[in-house]
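Q: Please see the structure below; I have some questions.
The values are calculated or read from the model by the stated rules, or taken from the named source; none is laboratory data. Quantities reported herein were computed from a predicted structural model and do not represent experimental measurements. Quick reminder, even Gly has a Cβ in these numbers, built from the backbone with ideal geometry, and neighbours come from all protein chains shown. Please note that ligands, DNA and RNA were not included when accessible areas were found on the heavy atoms of the full protein model with its side chains. Shrake-Rupley method; radii C 1.70, N 1.55, O 1.52, S 1.80 Å.
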Amino acid sequence: MTDTAEKAKSLDNMSFEAALNELERIVASLEHGEVSLDEAIAAFERGTVLKSHCEARLDAARMRVEKIKSPVSGLAPESAESFVPGDN
């Protein structure tokens, strides 16, 4: 198995928080110019994969919340609000 395939497979079991932490480390290293050009390209590719993974995990969580909020009758809710992170 290639390194890329191994990293992609590792995302299957990676939590949202772990993926976000790794993505933040990648962004910080790129912002500080701590890597060579080849390493920067690889980091950017990994960051793109991590971003997609995080978005998929958030979408799945959003769908679970929407399912929980649905009325017991199984009918569509009378109203719904857009999800805004940080709003209480």
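Q: Restricting the search to region 25-57, which residues are within 10 Å of the chain's Cα centre (by Cα) and either touching a residue at least 60 places away in the same chain (Cβ under 8 Å) or open to solvent by 80 Å² or more (accessible area, probe 1.4 Å) (or both)?
A: K51, E55, R57
Q: Which residue is farthest from E22 (Cα to Cα), if the candidates are limited to region 61-88 and must be at pLDDT 85 or above and of a type in the set (D, E, K, R)?
A: By that ranking, first place goes to R64.
Q: Another one. Look through L58, L50 and report the one residue that is modelled with pLDDT of 95 or more and either of a type in the set (A, V, I, L, M, F, W, C) or touching a Ser or Thr at 6+ places or on another chain (Cβ under 7 Å) (or both).
A: Working: L58 fails: modelled with pLDDT of 95 or more.
Criteria check complete, one pass: L50.
Q: Just to verify a result, which residue in region 5-24, among those that are farther than 15 Å from L58 by Cα and at pLDDT below 85, is most open to solvent (accessible area, probe 1.4 Å)?
A: It comes out as K9.
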